[in-house]
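Asker: Please find one structure pasted underneath; my questions will follow.
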Amino acid sequence: MQLFHPSKADPEVRKKFSNGRPDLPLVIFVGRMSPKKQVHRISQLVKLVNPPGEPEVCRFVLVGPGEAWQDVYDEIGNRPDVNLPGTLQGEELSKAYASADMFFSPTITGTLDLVFIESQASGIAVIGPRAVAVPYVVTDGQNGRLYDPLDMKDAARCIREAIPDLKKLKAASRPNAEANFNWSKVTTEAIEFYKHTVRASADRNNM
């Protein structure tokens, strides 16, 4: 939890990943660039959020490797509002998270990627699909926004509506991660669960 922390925010990192526009909100995606992760939808989202001829709403940094990286780059990589730095790890990754304002994910496969918790631990808002376990981490309007799965028009709406409330959403993210997803809490709950299971099994055997 300490690797990902709001204190890791770095103005130079924000300036770099926003392509020189740190004044605009910065949206970050972190994950494998794979068709299985629905990453091709990010290209659609970028175009919906910042359509041609209109003032830019925000900037995007898309972090991660994968077989779809080149496809995403070919689609939106030359836009001024998009930065694709490839793989980041350790301190570089923690600074990237904390220097952004929002984390976005298009993914509806799997259960709950750690990136949602890492984002909240970094003190940024989360924009995620109302699917799988995401609503257990993100409370709509409190520490992020939830959109209809695979609907990039709705995702774009959530990003636009989150921007005026970023201060509030970001302030609630780290406390939520600390209260509900730190390792000591998870470990304690797991131990209590196993103790309860053992006791219940022993009681049944003694009947």
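Readers should treat all values here as calculations from the given coordinates under stated rules, not as data from a laboratory. Quick caveat, the model's predicted, so the values are computed rather than measured. All Cβ positions, glycine included, derive from the backbone under ideal geometry; neighbour counts span all protein chains shown.
Asker: Provide the net charge surrounding residue 10, with neighbours chosen by a C-beta distance below 13 Å and charges set as Lys +1, Arg +1, Asp -1, Glu -1.
Answerer: On the way: positive: 8, 14, 15, 16, 95; negative: 12, 91, 92.
With Lys, Arg at +1 and Asp, Glu at -1, the net is +2.
Asker: What pairs from 47/153; 8/170; 36/153; 16/167 go past 18 Å between their alpha carbons? Mind dumping the intermediate values first?
Answerer: On the way: 47/153 10 Å; 8/170 14 Å; 36/153 20 Å; 16/167 22 Å.
Over 18 Å Cα-Cα: 36/153; 16/167.
Asker: Right, here's the next one. Take the alpha carbon gyration tensor of region 1-42, find the square roots of its eigenvalues, order them as a ≥ b ≥ c, and report rounded if a/c is under 1.5; if not, report prolate when a/b exceeds b/c, else oblate. Can you show the working numbers first?
Answerer: On the way: a/c = 3.20, a/b = 1.42, b/c = 2.25.
Oblate, since a/c reaches 1.5 and b/c is not below a/b.
Asker: Tell me what the chain gives for mean residue ellipticity at 222 nm when only DSSP H runs of n ≥ 4 count, each as -39,500 (n - 2.57), the sum divided by the residue total, rounded to 500 deg cm²/dmol.
Answerer: Numbers: 9 runs with 96 residues, N = 207.
The per-residue figure over the chain is -14000 deg cm²/dmol.
Asker: First measure r as the distance between the Cβ atoms of residue 71 and residue 157, then evaluate 1/(1 + (r/R0)^6) with R0 = 35 Å and state the FRET efficiency to the nearest 0.05.
Answerer: Rounded to the nearest 0.05, the efficiency is 0.90.
Asker: Taking 0.36 nm per intervening residue step and subtracting the Cα-Cα distance, what contour gain separates residue 79 from residue 130 on full extension? Walk me through the intermediate numbers first.
Answerer: On the way: separation 51, 0.36 × 51 = 18.36 nm, distance 2.86 nm.
Gain on stretching residue 79 to residue 130: 15.5 nm.
Asker: Based on the Cα atoms of region 60-152, what semi-axes does the equivalent ellipsoid have, where each is the square root of 5 times one gyration tensor eigenvalue, given in whole Å with the largest first? Present the calculation step by step, with values, prior to reporting the outcome.
Answerer: Values: eigenvalues 95, 54, 31 Å².
Its equivalent ellipsoid spans semi-axes of 22, 16, 13 Å.
Asker: What is the sum of charges around residue 143, taking Lys and Arg as +1, Asp and Glu as -1, for the other residues whose C-beta is under 11 Å from the C-beta of residue 143?
Answerer: Working: positive: 145, 168, 170, 174; negative: 140, 165.
That works out to +2.
Asker: Determine the sum of side-chain charges near residue 154: Lys and Arg each +1, Asp and Glu each -1, restricted to other residues whose C-beta is under 14 angstrom from that of residue 154. Present the calculation step by step, with values, prior to reporting the outcome.
Answerer: Details: positive: 41, 130, 145, 153, 157, 160; negative: 140, 148, 151, 161.
With Lys, Arg at +1 and Asp, Glu at -1, the neighbours total +2.
Asker: Still on this structure, please answer the following. Which value, in debye to the nearest 20, gives the size of the charge dipole of the chain about its Cα centre, when Lys and Arg are +1 and Asp and Glu are -1 at the Cβ?
Answerer: Details: 26 positive and 25 negative charges, 57 e Å.
It comes to approximately 280 debye.
Asker: Here are several values of Cα extents along the principal axes in Å: (i) 75, 33, 30; (ii) 56, 37, 33; (iii) 61, 44, 27. Which one was derived from the coordinates shown?
Answerer: For Cα extents along the principal axes in Å, the calculated option is (i).
Asker: Mind running the shape call on region 109-175? Use the C-alpha gyration tensor, a ≥ b ≥ c as the square roots of the eigenvalues: rounded below 1.5 for a/c, prolate if a/b tops b/c, oblate otherwise.
Answerer: Numbers: a/c = 2.12, a/b = 1.08, b/c = 1.97.
Here region 109-175 falls in the oblate category.
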